Amino acid sequence: MDPRDTAPDSWEQEDDVEAPTDQLQSALTGLNVNAKPFVPNINAPEFVPTFLQKGPTENPDSYGTDTVASVGDSKTIALMENGEADATTEETWEQKEEPSGAEPGGGPIGDGGPAEDTQQEMEEEEEAPTPKVAPTPPDAPKKEHVNVVFIGHVDAGKSTIGGQIMYLTGMVDKRTLEKYEREAKEKNRETWYLSWALDTNQEERDKGKTVEVGRAYFETEKKHFTILDAPGHKSFVPNMIGGASQADLAVLVISARKGEFETGFEKGGQTREHAMLAKTAGVKHLIVLINKMDDPTVNWSLERYEECKEKLVPFLKKVGFNPKKDIHFMPCSGLTGANLKEPAEQCTWYTGLPFIPHLDSLPNFNRSSDGPVRLPIVDKYKDMGTVILGKLESGSISKAQQLVMMPNRHTVEVLSLLSDDVETDDAGPGENLKLRLKGIEEEEILPGFILCNAENLCHSGRTFDAQIVIIEHKSIICPGYNAVLHIHTCIEEVQITALICLVDKKTGEKSKTRPRFVKQDQVCIARLRTAGTICLETFKDFPQMGRFTLRDEGKTIAIGKVLKLVPEKD
């Protein structure tokens, strides 16, 4: 047996030993020791190493022979060259994979235009997540983090649009989608496969309905987006409120299909409720995506688009969005990806930017990184310590920082920080974080608790005065009325203990006498008392933690803002 074929005790020793020149020469002619696994590719372009001034090499195998120049540096050359060769094969592999035909039902992706773009995006994406090991200093200007929540009625296509965006920006590779598609076909649900990128658990996939708020992220040239895919079903509205409370901008997805738009928009539909909840959760900018424009009943008709638009504008105005500044309408198709990244050819009448470029062109949000630390907790679990999830509303957090968990006043230390699953040393406002904490057990944390810095604790209490707008309630509301309070990520039972005064909607004047009851569409100032201690701030000091919604019997009854905190009488 040839001694070269037996495994050595240690590779390091083997490398350091100087082999006789002729032996190494003959060995390297046919074999490159340091080669990475080489993936053969039939469509690969001819590879010309930059540092060899020879003619192009004929076949991928022959480059081993060209480089054996001298024993000393042959290894390094081979290594470098192989590194480059590898990069090329990876790129060409993608080039080969991309145009292999659009995904079934994939409309315009097949004609090469969007595909090549996707491929460039993919390569950029490939390079972007590298800072898992150590963040590089030249990458100093961090992209702005923006949280986008997808809201709308059941089956409007929220998850499908989310999945399609992830595919177009290269966050989900084609192979995974093809796998989803096969699985979906087996269940006779072939149009659902894109939504499976966000609906990850079995129950959601079987029923085709989102339950939890799905999370994913993608990047454009200027911004880093987190997609929050909210459930549309009315049983899961509490989950949706939790998702909307983390969002900076909302995308209201409307189905243009005949009959579907109407059901989503009538009294019992989720379109109205979601738009209203998004507004209360502090979403300033709303993009309305009129989806399913490729449906046979719609066929990209301008009349249908305008009809949906006309019905929506007065309602969104009533909720508090300014149609000129805060709302942007656009047609799209989630299933084919038309008008999400590239303009749709079928839709000649729409002249604005497609969805992803429009998101990229939005103005920046002004956030103060020097404010007090406020991180409402959305979720927690055990994983080598206690891990919490949440969006940093203000301030900045760094590794090894000492923080206080309110309202229980536990002092904790940050062991590690993940921003959208990429480890960092510090994070600024608006980022979605996973923190591993020391000094607190997972059982001691509840969603709705808040991480603060010790110098500036957030307020906590049980009684507060608030201005409330009654949105829908059949009978009257009197003192003693119980409901469920949703404030930032916290859910708590609450009782209206006293009605202080009514507020005139038009003039803002307060009534002199105390009202005995309030009814639908009235605005009042009331004193509320929660069952347990919660963290909250006045709306004036900290809007994100001062807005809330009241729900009862699965319906949103009122929205409000905290005016003042009432100290406890001990």
Is region 348-355 home to any residue that is in contact with a Leu (Cβ under 8 Å, 6 or more places away or on another chain) and at pLDDT below 85? no
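Looking at Thr463, Thr424, which one is more than 23 Å from Lys540 (Cβ to Cβ) and touching a residue at least 40 places away in the same chain (Cβ under 8 Å)? Walk me through how you get there before you give the answer.
On the way: Thr463 fails: more than 23 Å from Lys540 (Cβ to Cβ).
Among Thr463, Thr424, only Thr424 is more than 23 Å from Lys540 (Cβ to Cβ) and touching a residue at least 40 places away in the same chain (Cβ under 8 Å).
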Within region 338-385, how many residues turn out to be of a type in the set (S, T, N, Q) and open to solvent by less than 10 Å² (accessible area, probe 1.4 Å)? 1
Quick one: count up the residues across region 423-454 that are assigned to a loop (DSSP other than H, G, I, E, B), touching a strand residue (DSSP E or B) at 6+ places or on another chain (Cβ under 7 Å) and either open to solvent by 30 Å² or more (accessible area, probe 1.4 Å) or aromatic (Phe, Trp, Tyr) (or both). 6
Scan region 509-538 for residues that are open to solvent by 60 Å² or more (accessible area, probe 1.4 Å) and more than 18 Å from Ile470 (Cα to Cα) and jot them down. Lys512, Thr513, Ala531, Thr533
For region 308-338, give me each residue that is farther than 20 Å from Pro363 by Cβ and free of Cβ contacts under 8 Å to residues at least 40 places away in the same chain. Lys309, Glu310, Val313, Pro314, Lys317, Lys318
Subset of region 539-562 [surrounded by fewer than 18 Cβ atoms within 10 Å (Cβ to Cβ) and part of a strand (DSSP E or B)]: Asp552, Lys555, Lys561
(1) open to solvent by 50 Å² or more (accessible area, probe 1.4 Å); (2) assigned to a strand (DSSP E or B) all hold for His486 apart from (1)
Given (1) out of contact with any Lys or Arg (no Cβ under 7 Å at 6 or more places or on another chain); (2) surrounded by 18 or more Cβ atoms within 10 Å (Cβ to Cβ); (3) not in a helix (DSSP H, G or I), where does His224 come up short, assuming only one miss? (1)
Please find, within region 227-250, the residue that is farthest from Pro354 (Cα to Cα) out of those that are open to solvent by less than 10 Å² (accessible area, probe 1.4 Å) and of a type in the set (Val, Ile, Thr). Val237
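Is at least one residue of region 328-337 of a type in the set (Ser, Thr, Tyr), surrounded by fewer than 24 Cβ atoms within 10 Å (Cβ to Cβ) and in a helix (DSSP H, G or I)?
Going through region 328-337, the residues of a type in the set (Ser, Thr, Tyr) turn out to be 333, 336.
Applying the additional criterion that residues be surrounded by fewer than 24 Cβ atoms within 10 Å (Cβ to Cβ) yields 336.
Adding the requirement that they be in a helix (DSSP H, G or I) leaves none.
Scanning region 328-337 turns up no residue that is of a type in the set (Ser, Thr, Tyr), surrounded by fewer than 24 Cβ atoms within 10 Å (Cβ to Cβ) and in a helix (DSSP H, G or I).
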Residue pairs, Cβ under 8 Å, 6 or more apart or interchain, first in region 236-259 and assigned to a strand (DSSP E or B), second among the polar types (S, T, N, Q). List them. Leu249/Asn147; Leu252/Thr271; Val253/Asn291; Ile254/Thr271; Ile254/Asn291; Ser255/Asn291
What number of residues in region 264-294 are at pLDDT 80 or above, over 18 Å from the mean Cα position of the chain (by Cα) and open to solvent by 10 Å² or more (accessible area, probe 1.4 Å)? 2
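Among the residues of region 346-369, which ones are of a type in the set (S, T, N, Q) and within 12 Å of His145 (Cα to Cα)?
Looking only at region 346-369, we keep the residues that are of a type in the set (S, T, N, Q), and these are 346, 348, 351, 361, 364, 366, 368-369.
Of everything in region 346-369, those that are of a type in the set (S, T, N, Q) and within 12 Å of His145 (Cα to Cα) turn out to be Asn364, Asn366.
The values are calculated or read from the model by the stated rules, or taken from the named source; none is laboratory data. From a predicted model like this one, the values you see are computed outputs, not experimental measurements. Please note: Cβ atoms are built from the backbone with ideal geometry, for glycine as well, and neighbour counts cover all protein chains shown. Quick note on the areas: whole protein, heavy atoms, side chains included, nothing else; ligands and nucleic acids left out. Shrake-Rupley method; radii C 1.70, N 1.55, O 1.52, S 1.80 Å.
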